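One structure is given here, and the rest of the page talks about it.
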Amino acid sequence: WMLQQSKQTIQSAGWWGHGFGAPLNTLPELHAEMMFAFLIHCFGWAAGIGIFMASLLLVLRLARIGRTVRDRYGKALVAGLLTVIATHCLWSMLMTLGWAPLSSFSLPFISYSGSVVLFQLAAVGLMLSAYRRKDLTPASRQAVRR
């Protein structure tokens with residue numbers, strides 16, 4: 001039922017949507033799981049494509065951070081957290097369109113989902129902290145012996 005309602009909501013939006021705050025009583029949990037469908041309903045496919053492109057840009061920038069970090073622990077930390085954030089982005093959008101099974105993934109940094117937003121902010125903070133220390137190299141064993 002939710003999948004059909006989501007598809008109908010998106011199909012009725014058109015390119016420019018119904019306007020901000022347009023009533024939508026057919027989809028439950030708009031603030032969490034179905035935020036992408038609600039944003040397309042309000043602002044249209046143009047905003048949906050913009051949100052997709054912004055999410056793609058975020059994931060690509062975080063992947064670039066992961067490639068520049070030289071520390072093995074920092075690289076693993078960035079790769080793991082990037083995987084979680086990219087999965088949340090992609091799954092939420094595909095779920096709304098009906099191309100992935102329904103689950104409780106929320107759109108990162110846009111959906112209101114309580115403690116998940118705090119986790120996402122902390123994850124980006126950890127990745128940026130690893131990036132900030134990318135040029136620091138650990139002391140070699142020979143320098144420690146002297």
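Please treat every number below as a calculation from the coordinates, not as lab data. Just so you know, these numbers come straight off a predicted model, no measurement behind them. All Cβ positions, even for glycine, are placed from backbone atoms using ideal geometry, and neighbour counts span all protein chains on display.
Just tell me, in residue order, which DSSP H segments of the chain are both 27 angstrom or longer along the helix axis (alpha-carbon based) and at least -1.0 in mean Kyte-Doolittle hydropathy.
Details: long enough: 35-68 (39 Å, 1.49); 72-97 (37 Å, 1.15).
Span-like helices in the chain: 35-68, 72-97.
Determine the relative contact order of the range 77-131: mean sequence separation of Cα pairs under 8 Å and six or more apart, normalised by residue count, in whole percent.
On the way: 34 pairs, mean separation 20.4, N = 55.
In percent, rounded to a whole number, it is 37.
Taking the Cα of Trp99, stepping 7 Å toward and past its beta carbon, and measuring to each backbone N in the range 5-24: which are under 19 Å?
Counting only backbone N, you get 5-15.
Per DSSP H run of at least 4 residues, take -39500 (n - 2.57); add these up for the chain, divide by its residues and hand me the 222 nm value, nearest 500 deg cm²/dmol.
Values: 5 runs with 93 residues, N = 146.
Helix-only estimate at 222 nm: -21500 deg cm²/dmol.
Placing +1 on the Cβ of each Lys and Arg and -1 on the Cβ of each Asp and Glu in the chain, which of Phe52, Leu97, Leu121 has its Cα farthest towards the positive end of the resulting dipole?
Highest projection toward the positive end goes to Leu121.
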